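Novice: This is the structure I have questions about; it appears just below.
The values are calculated or read from the model by the stated rules, or taken from the named source; none is laboratory data. Computed from a predicted structure; not experimentally measured. Using ideal geometry, Cβ is built from the backbone for each residue, glycine included, and neighbour counts are taken over all protein chains shown.
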Amino acid sequence: MSVTVNLQPLLELTDAQFEQICHKNRDLKFERTAKRSLVVMSLTGGDTGERNAELNGQLWLWNRQVRLGHLYDSSTGFRLPNGAIRSPDAAWVSQTRWEALTPEQRQKWIPLCPDFVVELKSASDDIEDLRLKMQEYLDNGLQLGWLIDPKTRTVEVYRANQPVESLSNPTEISGEEIMPGLVLSLAGILTL
């Protein structure tokens, strides 16, 4: 579950203030919207945690084998071009884009939209909020994204400049041209 706190007009929530909130509350997870509202997210339950581990494990193994970019978990913040700071459940950035960043840029919230993201819906997430988040990624340069809903056993595929595709009961999904050779098995993600 997440709660969005509108701090306007009392507080603009600058980068420094947002960073301070994150450091002073390490047991919580935060994002910042493009309108500089604070999003407070709760910890996940056991089923979602296990699904996230399965997802990230498969992505890590693929990335380790091909070495075409860098993989990130849900604790990584990305500063999108619109000013939002988001942390998808999994994200990947191509090697070329990563190498274009300075060492200083690599140390803080990564100042770009990932090439690829996954949002895995937990029982407490609102699907419409996740869809808006996926659209925000697209609007900021995302090439490929998956919104996975284990309860409905669906995967929504988001691609740059294309309509959203909804897959019902898929057994696997491809990383397409963005992540060549990636075939994610959904056995441990859509079912436990």
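Novice: Restricting attention to segment 143-178, report how many residues are out of contact with any strand residue (DSSP E or B) (no Cβ under 6 Å at 6 or more places or on another chain) and aliphatic (A, V, I, L, M).
Specialist: Of the residues in segment 143-178, 1 are out of contact with any strand residue (DSSP E or B) (no Cβ under 6 Å at 6 or more places or on another chain) and aliphatic (A, V, I, L, M).
Novice: Still on this structure, I have one more. Could you count how many residues in segment 151-184 are basic (K, R) and within 24 Å of S124 (Cβ to Cβ)?
Specialist: 2
Novice: Contact list please: Cβ distance under 9 Å, first residue in segment 46-65 and in the same structural domain as W146 (by TED's automatic domain parsing) and under 16 Å from T191 (Cα atoms), second residue in a helix (DSSP H, G or I) and modelled with pLDDT of 95 or more, pairs at least six apart or on different chains.
Specialist: Close Cβ pairs (under 9 Å, with a partner that is in a helix (DSSP H, G or I) and modelled with pLDDT of 95 or more) do not exist here.
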